[in-house]
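In what follows, a structure is listed as structure tokens, so that the remarks can point back to it.
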Amino acid sequence: MRILGISGSLRRGSHNRGLLRAAGDALPPGADLVEWEGLRDLPPFDEDLESTPSPAVQELLDAIEQSDAILIATPEYNASLPGALKNALDWASRPFPDNVLRNKPAAVIGASTGLFGAVWAQAEVRKVLKATGAHVLESELPVGMADMAFDEQGGLADPDLAARLQDVVSDLAREVAAPVEQAA
């Protein structure tokens, strides 16, 4: 089982990349997390170019298509999702309704240096994913105070957060194992 991990942060030392790596370590046997790192390379969404996507856009579309599920880790900027992540989701949403996200199991987690762990951004990402036709899990994992949330090995220092992360990725793996019924 292949789960595509997408971090909504461009920053080298991103807490959300760290959260994706911790999620990869928490996956059940037989599931692998593959991180997609092309967010920085995507051009702004342009409807005039959707039928002839750039190589960077095609790489994103192929990565999603080749995955069984998606796990997005998002920071929160100005009480919402990062623009680069929204741009990637816009590209992946086309052509609608027959896009690569359609019926794809997806989960959203997030880390931020504030107290609330990117809860608003997570809600926004789930809303966008639902609008694209993805099969979105309602569970969330807010990791607040991210500067202190990880241990020396890169895992979540708080055992309760680590258990919740394991629950989220296990739920995502179960969704892949029990596919969503396709609409007629």
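Numbers below:
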item	result
Mean separation of Cα contacts under 8 Å (6+ apart) over length of the range 16-94, as relative contact order %	38
With at most 11 neighbouring Cβ atoms within 10 Å, loop trypsin sites (Lys or Arg not before Pro) (DSSP) excluded, longest segment of the chain	13-184
Distance between the range 125-184 and the range 55-70 - C-alpha centres, whole angstrom	19
MRE, 222 nm, helices only [DSSP H, n ≥ 4, -39500 (n - 2.57), over the chain, to nearest 500]	-11500 deg cm²/dmol
Where a label projected 7 Å from the Cα of MET1 along Cα→Cβ would reach, residues of the range 95-115 with amide N under 19 Å	101-109
Principal-axis tilt of helix 83-92 within the chain, Cα atoms, nearest 10 degrees	50
Separation in nanometres of the label points that stand 7 Å from Cα toward Cβ, at GLN153 and SER80	4.0
Relative contact order of the chain, pairs being alpha-carbon contacts under 8 Å that are 6 or more residues apart, as %	24
In degrees, nearest ten, helix 159-177 long axis to first principal axis of the chain (Cα)	30
Cleavage-rule hits, GluC sites (Glu not before Pro), the range 8-83, DSSP coil, Cβ neighbours within 10 Å at most 16	GLU37, GLU50
Using alpha-carbon coordinates, inclination of helix 55-65 to the longest axis of the chain, degrees	70
Label point distance in nm, LEU10-GLU50, each placed 7 Å from Cα along Cα→Cβ	2.4
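Values in this text are rule-based calculations from the coordinates and carry no lab data. Bear in mind that the values here come from a model prediction, so they are computed numbers and not experimental data. All Cβ positions, even for glycine, are placed from backbone atoms using ideal geometry, and neighbour counts span all protein chains on display.
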